[in-house]
Amino acid sequence: MTATLHSLLDVARRLGTTAISAVDPERLVREELARREARFDAILALGKASAAMARGARDALAAMSARGFTPKRLLVRPHSSPALLDPGWEQKTGGHPLPDRQSLAAGERLRGWLEGIAPEQSLLALISGGASACLELPAPGLGLPDLADVQRILLASGLPIGAINAVRKHLSSLKGGGALRSTKGRVLALLLSDVPGDDPATLASGLFASDPSTFAGALAAISLAGPRASELPAAVRSWLETGARGELPETLKPGDPALARVESVVIGNVRLATAVVAAGARRQGFSVAEGELTGEAVRAARDLVARGRALEGPTVALIVGGETTVTVKNGDGRGGRNGELALAAARELASGLPGQEEVVLALATDGEDGTTGTAGAAVDGGTWEAIRRAGIDPDAALARHDSLPALEKAPGALLRTGVTGTNVGDLALYLRRMK
């Protein structure tokens, strides 16, 4: 089937669906465990994709049960993520993107659960993004309001995820290798990565990984948050300053003997999603280029369109994956980073190219673009003017980070996948062809 049989917006949406299917957690876990003949004394599933990853372990569980062995099981997920309909699993939920009281209860339960794993026993840890907020255990002297305030400030700062995690790991008893310190058993960690570079130390704030960051580095990251750094709770700043003076134990560092008990395997990431989407686009006749998605959402939109327009050929696709940021400087608008990227791209596409049509799609693979209830948006050369005709100034909407109400005025622009059950970050597409 060629791309010309469908509208370019339809092609983009179909490719977005392909991306989500490519990183199906259930299949990825099942295939990885099928390559291993391992027995586990405990199985842990964490994050937005925890239910699907747990289902992927069913065949391995059945094989163990046939040998008369049943491991204990614990699942912790954000409130909004799909539940697992299996009474054999103990399940907890917590807040996201901000931790709540149930996040603390889940953290307490996890620490006690891990302490029950003996040195001669083994743990299978199925980890996906979203676990950092739904699973929390504050460092001594800190409370839930402190952690929630820090998270709120950092998310609005535009800092990259590595800098944000450097702070969060130094305020938690579980992050930065704290979960590994809570158990003596061996750990096989299967990771569904939603972070740039797939670093186990960054995914879910490195529960079973070493942490190269320091208290001093966390303080430095806070200083990069700009004026909002002044809003940091006094208890948090005092704790970080005390640690930076060397008066508190550091997080788990590279070379620690405990790391010899851990094997970490990335089973899925955004590169897998973009590769499968690229293959699908080529089958439809597109000349394809791939790349990374990073930086401020508005700038990333400009770069995406400029790079796409620079590609040669009558039918081209640029497919990028990663994660952008949004630095909230003013306004209290409703929108996520993918909606902001799409709206900014609509401004670029409004200038048009003679005799050609262009489309940009921006997609959160977990189906949750912030708190918008959408997964992102797909826009073309007419979207910007459609918003203006509907009575909304799209430039003003961008300035106050209010992409959702603006894109709602462009029929069919918003992507509503619902919660997908997977999570490997964001995907953006630029498509162009002759009219």
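The values are calculated or read from the model by the stated rules, or taken from the named source; none is laboratory data. In this text the structure is predicted, and so the values were computed from the model without any measurement. Methodologically, a virtual Cβ is constructed for each residue, glycine included, from the backbone with ideal geometry; neighbour enumeration extends over all protein chains shown.
Just a few scattered comments:
- Selected residue (criterion: surrounded by the fewest Cβ atoms within 10 Å (Cβ to Cβ)) from residues of the range 219-261 that are among the basic types (Lys, Arg) and assigned to a helix (DSSP H, G or I): ARG237
- Filter result for the condition that a residue is within 25 Å of PRO25 (Cα to Cα), assigned by TED's automatic domain parsing to the domain that holds ARG334 and surrounded by fewer than 18 Cβ atoms within 10 Å (Cβ to Cβ), over VAL419, VAL424: VAL419
- Test: ALA362 is within 15 Å of the chain's Cα centre (by Cα), closer than 30 Å to MET53 by Cα and not in a loop (DSSP other than H, G, I, E, B): yes
- Screening ALA378, ALA317, ALA386 for residues that are in a helix (DSSP H, G or I) and assigned by TED's automatic domain parsing to the domain that holds LEU293 leaves exactly one candidate, ALA386.
- Complete set of residues in the range 196-210 that are in contact (Cβ under 8 Å) with a residue 60 or more places away in the chain and buried (at least 24 other Cβ atoms within 10 Å of the Cβ): LEU203, ALA204, SER205, LEU207, PHE208
- Taking every residue in the range 218-233 that is over 13 Å from LEU155 (Cα atoms) and pairing it with any residue that is at pLDDT 80 or above and in a loop (DSSP other than H, G, I, E, B), at least 6 positions away or on another chain, the pairs with Cβ-Cβ distances below 6 Å are ALA218/HIS170.
- Within the range 389-425, the residues that satisfy the criterion of being hydrophobic (A, V, I, L, M, F, W, C), outside any loop (DSSP other than H, G, I, E, B) and over 24 Å from the mean Cα position of the chain (by Cα) are ALA396, ALA397, ALA399, ALA406.
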